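Heads up: the structure comes next, in structure tokens.
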Amino acid sequence: MLLEIDNLHVTVAGNAILKGLSLQVRAGEVHAIMGPNGSGKSTLAHVLAGRDGYEVTAGTVTYLGKDLLAMSPEERAREGVFLGFQYPVEIPGVNNLYLLRAALNARRRHRGQPEIDAIQFMKIARDKARLMQMGEQFMSRGVNEGFSGGEKKRNEIFQMTMLEPQLAVLDETDSGLDIDALKVVANGVNSLRDGHRGFVLVTHYQRLLDHIVPDVVHVLAAGRIVRSGDRLLATELEARGYDWVLAPA
Amino acid sequence: MDNDNLSRAVGRLVPDGDMPAWLKTRRMQALAELSQHGLPTTAAEDWRYTDLAPVIERITTATMPRGNARVPQLPGIEAGAWAVFVDGVFRDGMSTLRDLPGIAFGAIGPDLPGAGAPADEEADGRDGRGVQALKTALLRNGIVVDVKEGARLQEPLHLAFLHTAGSVAQNQVTIRLGAGSAITVVEHHLGDEAAVATSTTTLVCGPRSHLSFIKLQGYGDSSCHLGSQHVTLGADAAAGLFHLDLGARLARNDLQVELQEPGAEVDCRGLFFADESRHLDNHTRIDHRAVRTRSRETYRGIMDGNGRGVFNGRIVVHPAAARADARLTNQNLLLSPGAEIDTKPELEIYADDVRCSHGATTGQLDRDAVFYLRSRGIPADEARRLLIASFTREILRHLPAAGLEDQIVSLLEPRLPGLAAAGAGP
């Protein structure tokens with residue numbers, strides 16, 4: 001099992017947000033988490049990445065047999081967990097590729113691999129940037145500095161393709177993207193699908209799932225998964241909204 | 001009685017020898033002034049947050065510098081010519097400014113601005129009468145550099161104010177830019193064990209001239225420093241000023257800019273980094289005295305450990321300055337519970353039809369940004385360093401010195417580790 005979440009309860013500033021969430025992701029699977037606003041989707045993404053301010057009051061999260069909740073955010077990253085942010089942060093003056101090489105080398109050191117040199121790094125970066133249709137000048141700027149919303153999302157996926165995580169959690173990566181950008185982002189994700197990596201896609205809309213076909217679709221409501229199904233569930237949600245799923249629960 | 005002691009101690013620190021008569025007279029007046037008024041205390045509004053007790057303590061225990069004391073090395077900067085001062089004395093033999101085309105230089109005389117002549121009342125209040133008197137009493141000599149009309153110097157002029165261990169000394173330079181001329185001046189303040197290093201730089205910019213001025217304050221952790229720059233701008237003259245305030249135990253800088261004639265403009269930036277138990281005080285004042293004058297001012301402060309920063313930025317728009325355009329901001333980072341900043345941007349407007357704004361912000365490192373970096377595998381302390389580098393680089397980007405950025409960043413590297421690498425790419 002790649003990721004096993006069991007009966008997870010999380011409070012934020014005293015408010016219970018996740019109330020007994022359970023989820024299992026096997027290697028190679030793509031899971032979509034859908035649900036109305038305020039259902040706890042982003043909280044789940046942040047808890048998996050280790051953001052502070054989220055208090056786990058019960059439950060466990062096991063990643064590749066290890067207790068994920070016991071690790072710092074940087075340890076999780078080095079162990080192969082990646083969070084694609086809904087709102088990527090701008091860090092002017094810190095070069096985008098500098099950060100990425102530092103991130104990559106932190107992961108390599110952790111695995112006992114030698115650091116990657118600048119030339120080798122640039123070669124890979126250029127390939128991946130082409131895949132994400134990012135120009136050179138786009139890569140030489142500060143981290144997300146002056147990027148449009150869509151460019152920031154592409155940069156997130158560019159980082160992901162460089163870091164090659166075992167488990168990627170993408171938090172509303174599709175929001176604010178036009179259809180062309182959505183395809184580019186989906187391409188980036190699909191390029192990493194190799195039967196081993198797992199993906200958790202947090203999304204509002206079904207349209208992302210036209211391009212990244214999920215194995216399982218979950219509906220998160222009021223802090224719990226209330227229904228799971230195959231990709232057809234997403235289509236149905238798109239057509240009928242959430243009310244019919246929520247009503248019986 | 002304390003003031004008498006201070007005055008006597010200052011008097012003992014300067015050898016009387018080969019000093020012109022006018023300067024001897026000025027010194028006597030200054031020593032008398034000092035014994036009467038002393039240095040400003042925290043009761044004075046402009047000195048409220050800066051207690052000069054460490055300055056007095058260092059002066060009263062100092063001795064005259066030994067002749068064989070070790071002189072700090074000049075920074076490894078290739079481009080440009082140097083005017084070198086050691087303990088406040090201009091050293092022609094160590095200087096290369098003769099090599100600069102388009103300039104002339106000589107010794108300061110009694111009639112020149114910044115030579116210790118009694119300034120107007122307003123300026124006295126600003127710098128503190130006592131501080132001005134202290135500087136005049138310490139003055140040994142100084143230079144005046146004239147940039148010829150129309151000369152546009154490609155190479156920078158570096159002023160090196162070097163201080164040996166225990167020295168108490170005043171550095172004095174006046175630079176006058178002829179009409180249509182252009183020069184970059186970099187002022188280096190160095191001395192790991194300087195006791196009290198003071199300086200007065202007077203910059204007179206003629207019509208349509210262009211000045212780039214950078215002050216790098218890098219004294220040692222036990223030193224005290226009192227510096228000032230007085231910049232006057234003529235018609236359509238432009239100045240870009242930058243202050244990097246990094247060293248010393250206690251440093252106070254007073255920057256005064258006078259936009260004297262129509263169309264003059266100035267861009268002032270500063271970065272002060274008060275870590276450990278450093279106390280760094282930046283007072284600035286910009287006077288808009290003519291129509292269509294424009295000022296931009298941004299200072300950034302980083303306070304860590306038990307460091308303390310003080311920022312007071314004052315902009316005065318006089319009645320004659322219609323259509324003036326002024327903007328002032330101060331942004332501060334507080335990195336530890338023991339750190340402190342006192343900031344006060346002030347705007348006084350006496351003219352109509354002006355565009356002015358001012359503001360200050362103080363905060364901690366952005367938690368979202370720290371988490372973003374950590375989520376990429378960057379350790380927490382490294383994430384913190386990168387964000388400090390980001391805050392710093394954003395303002396360093398506006399260094400008004402083409403071609404010197406990399407060298408200046410490398411001078412900062414020991415104090416701000418990772419600064420150079422963060423911006424340089426993979």
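Taking each full run of DSSP H in chain A as one helix, which ones are at least 15 Å long along their axis (Cα atoms) and have mean Kyte-Doolittle hydropathy of at least 0.0?
Details: long enough: A:96-110 (21 Å, -0.59); A:118-131 (20 Å, -0.06); A:149-163 (21 Å, -0.86); A:179-192 (20 Å, 0.91).
The qualifying helices are A:179-192.
If you build a Gaussian network model of chain B, linking Cα atoms that sit under 10 Å apart, which residue out of B:L134, B:L386, B:L373 swings the most? Residue with maximal mean-square fluctuation among B:L134, B:L386, B:L373: B:L373.
Dipole orientation for segment B:185-327: of the candidates B:F213, B:A197, B:V317, B:V317 has the Cα lying most toward the positive pole (charges on Cβ; Lys, Arg +1; Asp, Glu -1).
Most fluctuating residue of B:W22, B:W82, B:W47 in a GNM of chain B with Cα springs under 10 Å: which is it? Highest fluctuation among the options: B:W22. Put simply, the amide H of A:G59, placed in the peptide plane, has neighbours under 5 Å in A:H9, leaving out anything fewer than 5 places away on its chain. Backbone geometry of segment B:196-213 corresponds, through the Karplus equation with coefficients 6.51, -1.76 and 1.60 at θ = phi - 60°, to 3J(HN,Hα) couplings of 9, 10, 10, 8, 9, 10, 10, 10, 10, 9, x, x, 6, 7, 9, 10, 10, 9 Hz, x marking Gly and Pro. Short to long, the 5 Å bins of the Cα pair-distance histogram for segment B:369-426 hold 4, 19, 26, 25, 13, 8, 4, 1 percent of all pairs.
Residue by residue through A:70-82, how many Cβ atoms from other chains fall within 10 Å of the Cβ on average? Intermediate values should be presented prior to the final figure.
Numbers: counts 0, 0, 3, 12, 10, 3, 3, 6, 4, 1, 1, 2, 3.
Taking the mean over all residues of the peptide, I get 4.
Contact order, relative form, for chain B: 10 percent (alpha carbon pairs under 8 Å, 6 or more residues apart, mean separation divided by residue count).
Amide H contacts of B:A237 (H built 1.01 Å from N, in plane; Pro and chain starts excluded): B:R208, B:S209, B:A264, B:E265 sit under 5 Å, all sequence-distant by 5 or more or on other chains.
Strictly over 28 Å apart at the Cα level, which of B:K135/B:K344; A:K66/A:K153; A:K41/A:K153; A:K19/A:K153; A:K123/A:K152 would you flag in this model?
On the way: B:K135/B:K344 26 Å; A:K66/A:K153 30 Å; A:K41/A:K153 18 Å; A:K19/A:K153 30 Å; A:K123/A:K152 22 Å.
Check vs 28 Å cut-off fails for A:K66/A:K153; A:K19/A:K153.
The residue among B:S357, B:V266, B:Q73 whose Cα reaches farthest toward the positive pole of the charge dipole of chain B, with charges on the beta-carbon of Lys, Arg, Asp and Glu, is B:Q73.
Fully extending the segment from A:K123 to A:K66 would add 17.1 nm, taking 0.36 nm per residue of separation and subtracting the current Cα-Cα distance.
Antiparallel as a % of all DSSP beta bridges within segment B:290-426, to the nearest 5? In segment B:290-426, DSSP labels about 0 percent of beta bridges as antiparallel. In this structure, the amide hydrogen of B:V310, modeled 1.01 Å from its nitrogen in the peptide plane, lies closer than 5 angstrom to those of B:L280, B:D281, B:N282, B:D342, counting only residues at least 5 positions away or on a different chain. Structural descriptor for chain A: relative contact order 28 percent, calculated from alpha carbon pairs under 8 angstrom and at least 6 residues apart.
Dividing the C-alpha radius of gyration of the protein assembly as shown by 2.2 N^0.38 Å, with N its residue count, gives 1.17. Dividing the summed helix terms, -39500 (n - 2.57) for each DSSP H run of n ≥ 4, by the number of residues in chain A produces a 222 nm estimate of -11000 deg cm²/dmol to the nearest 500.
Please report, in debye to the nearest 20, how large the charge dipole of segment B:1-82 is about its Cα centre when each Lys and Arg carries +1 at its beta carbon and each Asp and Glu carries -1 there. Present the calculation step by step, with values, prior to reporting the outcome.
Working: 9 positive and 10 negative charges, 70 e Å.
Dipole about the Cα centre, nearest 20: 340 debye.
Distance from a point 7 Å along Cα→Cβ of A:H211 to each backbone N in segment A:88-102: keep the residues under 19 Å and list them by number. Those under the cut-off are A:88. Using a simple spin-label model with pseudo-atoms 7 Å out from Cα toward Cβ, B:A44 and A:D6 lie 7.2 nm apart. In plain terms, the chain from A:A222 to A:R193 could stretch by 7.4 nm, reckoned as 0.36 nm per residue minus the Cα-Cα distance. When chain A is modelled as a GNM with alpha-carbon springs shorter than 10 Å, which of A:F147, A:F82, A:F158 fluctuates the most? Ranking A:F147, A:F82, A:F158 by mean-square fluctuation puts A:F147 first. Whole-Hz Karplus values for segment A:15-24 come out as 9, 6, 10, 9, 10, x, 8, 10, 7, 10 Hz, taken residue by residue from phi with 6.51 cos²θ - 1.76 cosθ + 1.60 and θ = phi - 60°; glycine and proline positions read x. Calculated FRET efficiency, B:E413 to A:D52, Cβ-Cβ distance, R0 = 35 Å: about 0.70 to the nearest 0.05. Placing +1 on the Cβ of every Lys and Arg and -1 on the Cβ of every Asp and Glu, with nothing else charged, gives segment B:369-426 a dipole about its Cα centre of roughly 220 debye.
Given contacts defined as C-alpha pairs under 8 Å and at least six residues apart, what's the relative contact order of segment B:369-426, whole-number percent?
Numbers: 30 pairs, mean separation 19.4, N = 58.
Worked out over segment B:369-426, it gives 33 percent.
Taking a ≥ b ≥ c as the square roots of the eigenvalues of the Cα gyration tensor of chain B, is the shape rounded (a/c under 1.5), prolate (a/b larger than b/c) or oblate? Because its axes are fairly even, with a/c under 1.5, chain B counts as rounded.
Values in this text are rule-based calculations from the coordinates and carry no lab data. Note that this is a predicted model, so its numbers are computed, not measured. Note: ideal-geometry Cβ built from the backbone for every residue, glycine included; neighbour counts use all protein chains shown.
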